[in-house]
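These notes concern the structure reproduced below.
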Amino acid sequence: MTASTTGEPVRVVSRPPVPGRWIGAGRSGTAVRAGQIVAAQLAVALVVAASGRGPALVGLALLTAGLMVVTAWVRWRGRWLFEWLITAAGYAGRRHVSPPAGGPNALLDLVLPGAAVRPVELAGEPAAVVDDATGLTAVLELGDPGDLLGDARRALPTPSALLPPADGEHPPVRIQLLLHAAPAPAPVTAGGTAGTSYRQLTGGRLPGQERALLAVRVLRVDGWRDEELRVALSGTVRRIVRRLGPAGGRLLGEHAALRVLGELAHHDGAWPTRETWQVVCAGGLLQASFRLRRWPDPHAELGRRLVTRLLALPATATSVALCAGPRTGADTAGMPAELTVRLAAWTPDELALATQALARLVADAGGEVRRLDGDQLDGLAATLPLAVAGAAVAVGPDPEPLELSIGGGGLMVGANRHGGAVTVRLFRAEGTRLVLVGGVRAAQLLVLRAMALGARVAVQTGRPRVWEPFVRGVGSTGGGVAVLPPGRTVGGGPGSPICPVLLVVDAGATPTEPTPGPAWQATLVVRDELTAADVDVLGRADLAVLQPLDPREAALAGAALGLGGSAEWLTRIRTDMVAVVNRRALRWALLSPTAIESQLIGRPGRR
């Protein structure tokens with residue numbers, strides 16, 4: 001059985017569940033429940049009680065008993081009818097639309113009614129908690145937001161490994177690991193020049209964007225006051241930050257937490273977020289959520305790498321949430337846990353394609369997943385960093401087979417000496433300033449690759465004729481490239497995680513300070529030559545891309561960027577190489593132009 005836009009679930013039983021691992025039918029599974037047996041018994045008892053009391057009463061009893069049996073024992077699209085009735089009742093009884101022109105607070109009230117984000121101090125740092133009727137939740141962003149160079153992937157622990165022990169000294173705790181990724185090339189550019197070229201460059205193996213967050217929720221239970229819950233939450237967060245080690249984690253404050261909620265939900269404050277039976281509509285995107293009902297064999301390759309492969313699905317963006325807890329004893333056997341996937345796409349056809357890919361992936365791994373039709377708002381809440389409970393399955397004492405990691409995504413600048421990708425996180429939740437010292441062709445190479453990530457590009461230049469052949473060659477893919485006079489304001493609205501903005505400032509002979517732009521906008525300043533007047537501009541940039549320099553330029557760059565003895569190598573690198581520098585590291589990269597890039601741009605040298 002395959003998943004489709006009609007909501008039909010994937011149901012593949014190729015092997016028995018592995019005891020003590022991610023298993024179980026859960027609330028929405030196929031297991032027979034005690035209530036179904038009771039319903040059958042009541043139906044029989046009702047008919048027996050009505051017998052001999054007249055045709056009308058017997059007929060009514062038979063009709064009632066038949067409805068009870070059908071509701072309890074008939075399945076449709078992989079679920080019992082009574083489950084559909086419960087879902088329909090819940091759908092009919094809740095609000096489906098956020099207020100018009102509402103911000104992230106309105107979104108939070110839609111997915112978690114009555115919740116509020118409050119500033120507090122946790123683990124000795126200012127932070128925020130999501131306070132609602134069932135608990136307090138703190139959100140940590142994993143990884144270093146200041147490290148703009150993509151390095152090797154780093155392993156992350158499973159949520160169950162971060163849970164505190166189940167004892168009277170701690171309130172119940174639920175932990176959620178939320179992984180979010182956007183593919184490269186983006187689906188909207190995949191069939192165009194930029195997307196085809198980028199796929200040739202990367203083989204489609206590098207995500208254009210990835211984020212990882214950890215939500216830690218302490219649950220309200222009798223005997224625990226709010227102040228005690230905050231103290232327990234602070235202690236749990238402190239232990240988790242120590243445990244995370246190299247991956248790192250920083251607590252989000254009030255504004256950052258609300259911003260992240262809005263970005264991950266693709267919520268646009270100018271338009272309401274709306275739930276229908278099959279999707280959630282937000283920011284122009286259609287989003288559908290799915291929940292795993294049975295984990296594949298964790299010892300098989302597909303089972304171990306399922307999360308990584310889920311994040312590479314051909315959707316505009318994919319969110320995968322792993323939630324575990326609270327513990328119910330010293331052993332983790334039977335501990336509630338769940339995995340929820342949310343796919344976002346611009347069109348119904350794109351969403352259907354991603355849904356089919358999800359169905360094939362889970363089926364090949366031997367698992368089972370259900371589309372949350374009628375519960376799409378719950379699916380959205382489950383895939384935001386809130387650690388709310390859904391339909392959980394059981395997790396065993398050894399979660400080790402799961403492979404979870406972060407790092408390596410972004411814009412591919414080139415390849416290192418081992419053939420690995422050298423990537424930069426060009427687009428992020430704050431403006432990025434980038435200076436390129438070299439030729440216009442190298443700038444055009446970066447522009448084409450940024451377009452493959454879905455970026456909207458504008459070029460401010462005093463020499464439009466230099467850019468015209470490139471602009472014509474690119475065409476209208478992804479909106480094309482807008483060429484503007486120097487200083488002209490870029491239109492089209494602000495950037496977003498799935499549609500960032502790249503502003504190219506081709507300043508010519510006049511140095512230009514790359515002022516920090518808004519979130520999800522990168523400003524690329526192109527300098528044909530490096531002069532003493534550019535030193536301050538280069539030193540304040542978040543990233544620098546340097547083509548081969550002459551000795552005078554290398555000395556200036558070394559002083560501005562603190563390169564020390566490495567500055568001398570800037571005069572020795574090959575003509576098709578660049579140095580990529582941020583405030584913490586230096587990487588050497590071969591630009592490795594594709595056949596399309598070579599034909600469209602030519603040799604990306606300085607002269």
Inset, instruction - For the stretch 104-406, compute Rh as the Kirkwood radius over C-alpha pairs and then the Stokes-Einstein diffusion coefficient at 37 °C and 0.692 mPa s; write the answer in µm²/s, rounded to an integer. - result: 167 µm²/s
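What per residue convex hull volume, in Å³, do the alpha-carbon atoms of the stretch 553-607 yield?
89 Å³
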Legend entry - Positive-end extreme of charge dipole, the chain - chosen from LEU112, PRO551, ALA128 (charges on Cβ): PRO551
Legend entry - Dimensionless Rg over Rh [the chain; C-alpha; Kirkwood]: 1.04
Legend entry - Karplus-derived HN-Hα couplings along the stretch 380-386 (A = 6.51, B = -1.76, C = 1.60, θ = phi - 60°), whole Hz, x at Gly and Pro: 4, 4, 5, 10, 10, x, 10
Legend entry - Span-like helix ranges in the chain, DSSP H, alpha carbon extent 20 angstrom or more, Kyte mean at least -0.5: 34-50, 55-73, 226-244, 348-365
Legend entry - trypsin sites (Lys or Arg not before Pro) lying in DSSP loop within the stretch 412-455, provided at most 10 other Cβ fall within 10 Å: ARG417
Legend entry - DSSP bridge orientation in the chain - percent antiparallel, rounded to nearest 5: 75 percent
Inset, instruction - Treat each spin label as a single point 7 Å out from the Cα along the C-beta direction, and report the ASP167 to ASP349 distance in nm. - result: 6.0 nm
Inset, instruction - Counting only C-alpha contacts under 8 Å and six or more residues apart, can you give the relative contact order of the chain as a whole percent? - result: 17 percent
Legend entry - For the stretch 533-553 versus the stretch 194-244, the gap between their alpha-carbon centres in whole angstrom: 36 Å
Inset, instruction - Return the whole-Å distance between the Cα centroid of the stretch 338-385 and the Cα centroid of the stretch 457-499. - result: 35 Å
Legend entry - Overall dimensions of the stretch 411-601 by Cα: Rg and Dmax, Å: 15.6, 45
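Suppose the chain between THR571 and ASP222 were pulled fully straight at 0.36 nm per residue; how much longer would it get relative to their current alpha carbon spacing?
118.7 nm
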Legend entry - Kirkwood-Stokes translational diffusion coefficient of the stretch 28-92, alpha-carbon pairs, 20 °C, 1.002 mPa s, µm²/s: 167 µm²/s
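Just so you know, all these numbers are worked out from the coordinates, no wet-lab data involved. Since the model is a prediction, treat every value here as computed from it, not as a measurement. Because the Cβ atoms are built from the backbone with ideal geometry, glycine has one as well, and the counts that use them run over all protein chains shown.
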